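Just so it is clear, none of the values below were taken in a lab; they were calculated from the coordinates. Just so we're clear, the structure is a prediction, and the values are computed from it rather than from any experiment. Neighbour counts run over all protein chains shown; Cβ positions are idealised from the backbone, glycine included.
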Amino acid sequence: MTSSGLQPRQDGDAALRLLRDGVLDLEGRLVDASNTTLRGILTLEGVTARCVYKPVRGERPLWDFPDGTLAGREVSAYLVSRATGWDLVPPTVLRDGPFGPGSCQLWIDEPEDAEPLVGFLPAGELPPRWFPIAAARDDDGAAYALAHADDPRLARLAVLDAVINNADRKGAHVLVGADDRIYGVDHGVSFHVEDKLRTVLWGWAGKQLPTDAVEMLDGLAGQIAGALGAELADHLTISEVTEVASRIDRLRETGRFPQPPEDWPAIPWPPM
């Protein structure tokens, strides 16, 4: 649940209207972000909610993403997520703000007692149904494992990341909401035409896609050829939209989760 009581799934239209039309007052900057990322409060007709505002003018140029904006990719990730019916990305719009146009996304509050689904755990002490992804050691030399839960909610997020070619699925980019749903955030380096999938969610690599994912991809293929493709074209290049359709087709043909790339780092840094 967000700070306003809006639930992104049930109150999606209301959230989008608040994001687009609400008065945006800034609270402060998230200093750990590599690009300008600001937290604010939106107010519209007595309804308030926190948001994350990322102005285009605060984006650092990226040599491998020369076209479009990171803000446009954030919005595109939401559009694809909405089209899947899984609602894994909080409502996100492109709007004007105190520092010009940028993406504006509904803030997700994580309950204090939320169980993390991704993290570093002592080696040999992984809970049941957790996948080890990479080995690590702390400053004292103790062995740890980067791991994630074998959770169907995370599996859906892994499929979405494969569709949008997410190059930065860190563990910290997976949020657990108060409504017991999970959300993925920070999708500014997605949708590249080349394979750049980097994620901590490799636990299902090469395994058969679940039935709900196959059904979702079948429906998404039709949408990308129609209204969804037209929406994405407002934020991505024609080649990038075409590659979204190609990735969907490849996933449908193989029926399996993708394997880690051999010519590209498979895990983002830092992973959390």
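In a reduced charge model with +1 at each Lys and Arg Cβ and -1 at each Asp and Glu Cβ, the stretch 133-272 shows a dipole moment near 200 debye about its Cα centre. Here the Karplus relation 6.51 cos²θ - 1.76 cosθ + 1.60, evaluated at θ = phi - 60°, turns the backbone of the stretch 77-88 into coupling constants of 4, 5, 4, 5, 4, 4, 5, 5, x, 8, 6, 8 Hz, with x for every Gly and Pro. Per-residue ellipticity at 222 nm computed for the chain from its helices equals -8500 deg cm²/dmol, with DSSP H segments shorter than 4 residues left out and the rest contributing -39,500 (n - 2.57).
State the dimensionless ratio Rg/Rh of the stretch 62-147 (Rg: radius of gyration of Cα atoms; Rh: Kirkwood radius).
My calculation puts Rg/Rh at 1.13.
For the stretch 118-257, the Stokes-Einstein estimate of translational diffusion at 10 °C and a viscosity of 1.306 mPa s comes to 97 µm²/s, using the Kirkwood hydrodynamic radius over alpha-carbon pairs. Which one of Thr242, Ala167, Thr199 is farthest out on the positive end of the charge dipole of the chain, using unit charges on Cβ (Lys, Arg +1; Asp, Glu -1) and the Cα centre as origin? So the residue we want is Thr242.
Expressed as a whole percent, the proportion of Cα-Cα pairs in the chain lying more than 33 Å apart is 19%. Each Cα pair under 8 Å and six or more residues apart adds its separation to the average, and for the stretch 32-119 the resulting relative contact order is 28 percent. Length gained on full extension, Ala123 to Asp13, computed as 0.36 nm times the residue gap minus the Cα-Cα distance: 35.2 nm.
Judged by the mean number of other Cβ atoms found within 10 Å, the most tightly packed of the peptides 177-189, 41-53 leads the ranking 177-189, 41-53. Between the amide H of Ala134 and those of Leu146, distances stay under 5 Å, these residues lying 5 or more places away or on another chain, with hydrogens modeled in the peptide plane.
In terms of its C-alpha gyration tensor, the stretch 224-272 comes out oblate, because a/c is 1.5 or above while a/b does not outweigh b/c.
3J(HN,Hα) along the stretch 241-251, derived from phi through the Karplus expression 6.51 cos²θ - 1.76 cosθ + 1.60 where θ = phi - 60°, amounts to 5, 4, 5, 4, 4, 5, 5, 4, 4, 5, 5 Hz, with x in place of Gly and Pro. Descending by average beta-carbon neighbour count within 10 Å, the peptides 80-90, 23-33, 203-213 line up as 80-90, 203-213, 23-33, the highest first. Charge dipole (Cα centre; +1 on Lys/Arg Cβ, -1 on Asp/Glu Cβ; no other charges) of the chain amounts to roughly 280 debye.
Charging the Cβ of each Asp and Glu at -1 and of each Lys and Arg at +1, and nothing else, the dipole of the stretch 11-106 about its Cα centre rounds to 140 debye. Comparing Pro152, Pro101, Pro128 in a Gaussian network model of the chain, where Cα atoms under 10 Å apart are tied by springs, the biggest mean-square fluctuation is seen for Pro128. Comparing mean-square fluctuations of Ser239, Ser76, Ser190 from a GNM of the chain with C-alpha springs under 10 Å, the top value falls on Ser239. Computed from the C-beta positions of Trp269 and Glu115, the FRET efficiency with R₀ = 30 Å rounds to 0.75.
Compactness ratio for the stretch 11-106: Cα radius of gyration over 2.2 N^0.38 Å (N = residue count) comes to 1.06.
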